[in-house]
Amino acid sequence: DVKVTQSSRYLVKRTGEKVFLECVQDMDHENMFWYRQDPGLGLRLIYFSYDVKMKEKGDIPEGYSVSREKKERFSLILESASTNQTSMYLCASSWTPKTSGSYEQYFGPGTRLTVT
Amino acid sequence: QKEVEQDPGPLSVPEGAIVSLNCTYSNSAFQYFMWYRQYSRKGPELLMYTYSSGNKEDGRFTAQVDKSSKYISLFIRDSQPSDSATYLCAMKFRNGNKLVFGAGTILRVKS
């Protein structure tokens, strides 16, 4: 079974703090993703990575950065947390089919971040 | 206008009802269509996956894609309380690995 784990289920931080969210997958997937999920807005892509040390901006990268030093680990960094970054953060991973097949993304359980 | 539109609900139905969940999209270049199910306090899990147009059936679940109308549906027959969850549609272009998600529809099946 594919397993995607996230470092914390719940996190409370103060405005201005630097926040690290970690994600680890155990299936040797090339691709890893960070989303935030807000009511009525669905999942919005923050950043993704298709290989070690590679990253691409998603739809809402402002205020966030990422790091992928090892294939199994993808970190999301909030440089200076703000109250509008209070949200559910979901990590996902996937492989890229060589010919055809599912592009299924496997999700972690999420981290509920509250910034006060 | 969002690329993918989905009514957030909530949709409340009695046990045994047929449920219809829908998404519309604006970009005709989408080629892959998926439905994810998300239980409370969990991450989404893939439920159904369809390439291009047509129908796909898996047990009580049927996914339909109508590319001419830019409209996808998920039908749940004989709905159960355990089907209560948020259902998210997702779409992908032919190239790349990014998914575009709808807002998700909250479904409640009452026993």
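The values are calculated or read from the model by the stated rules, or taken from the named source; none is laboratory data. Please read these numbers as outputs of a predicted model, since none were measured by experiment. Here the Cβ is made from the backbone with ideal geometry for all residues, glycine too, and neighbour counts use every protein chain on show. To get the accessible areas, we keep the full protein, side chains included, count just its heavy atoms, and leave off ligands, DNA and RNA. Shrake-Rupley method; radii C 1.70, N 1.55, O 1.52, S 1.80 Å.
Just a few scattered comments:
- In the stretch B:4-79, counting only strands (runs of 3 or more DSSP E) that sit wholly within it, the ones holding 3 or more residues that are at pLDDT below 95 and closer than 27 Å to A:Phe33 by Cα span B:30-38, B:45-51.
- Residue list for the stretch B:1-56, restricted to those being among the hydrophobic types (A, V, I, L, M, F, W, C) and free of Cβ contacts under 8 Å to residues at least 40 places away in the same chain: B:Leu46, B:Met48
- Note on the stretch B:82-105: among residues that are over 18 Å from A:Phe33 (Cβ atoms) and more than 11 Å from the chain's Cα centre (by Cα), the one that is surrounded by the most Cβ atoms within 10 Å (Cβ to Cβ) is B:Ala85.
- Between A:Ile77, A:Ile46, the distinction of being open to solvent by less than 40 Å² (accessible area, probe 1.4 Å), within 14 Å of chain B (Cβ to nearest Cβ), β-branched (Val, Ile, Thr) and more than 14 Å from B:Gly43 (Cα to Cα) belongs to A:Ile46 only.
- Qualifying residue in the stretch A:81-96 (condition: open to solvent by 60 Å² or more (accessible area, probe 1.4 Å), modelled with pLDDT under 95 and either part of a strand (DSSP E or B) or more than 10 Å from chain B (Cβ to nearest Cβ) (or both)): no
- Scanning the stretch B:32-71 for residues that are farther than 30 Å from A:Arg112 by Cβ, open to solvent by 30 Å² or more (accessible area, probe 1.4 Å) and within 14 Å of another protein chain (Cβ to nearest Cβ) turns up B:Tyr51, B:Ser52, B:Lys56, B:Asp58.
- Out of B:Ala29, B:Ala63, B:Ala85, B:Ala103, sole residue that is closer than 13 Å to A:Gly42 by Cα and of a type in the set (A, V, I, L, M, F, W, C): B:Ala103
- One residue stands out among those in the stretch A:62-86 that are within 12 Å of the chain's Cα centre (by Cα) and touching a residue at least 40 places away in the same chain (Cβ under 8 Å): the one that is farthest from A:Lys13 (Cα to Cα), which is A:Arg73.
- Subset of the stretch A:11-43 [in contact (Cβ under 8 Å) with a residue 40 or more places away in the chain, farther than 20 Å from A:Lys70 by Cβ and open to solvent by 40 Å² or more (accessible area, probe 1.4 Å)]: A:Val12, A:Lys13, A:Arg14, A:Thr15, A:Gly16, A:Glu17, A:Lys18
- Test: residue in the stretch A:56-74 that is within 10 Å of chain B (Cβ to nearest Cβ), outside any strand (DSSP E or B) and surrounded by fewer than 15 Cβ atoms within 10 Å (Cβ to Cβ): yes
- Restricting B:Ser28, B:Ser79 to residues that are open to solvent by 30 Å² or more (accessible area, probe 1.4 Å) and not charged (D, E, K, R) narrows the list to B:Ser28.
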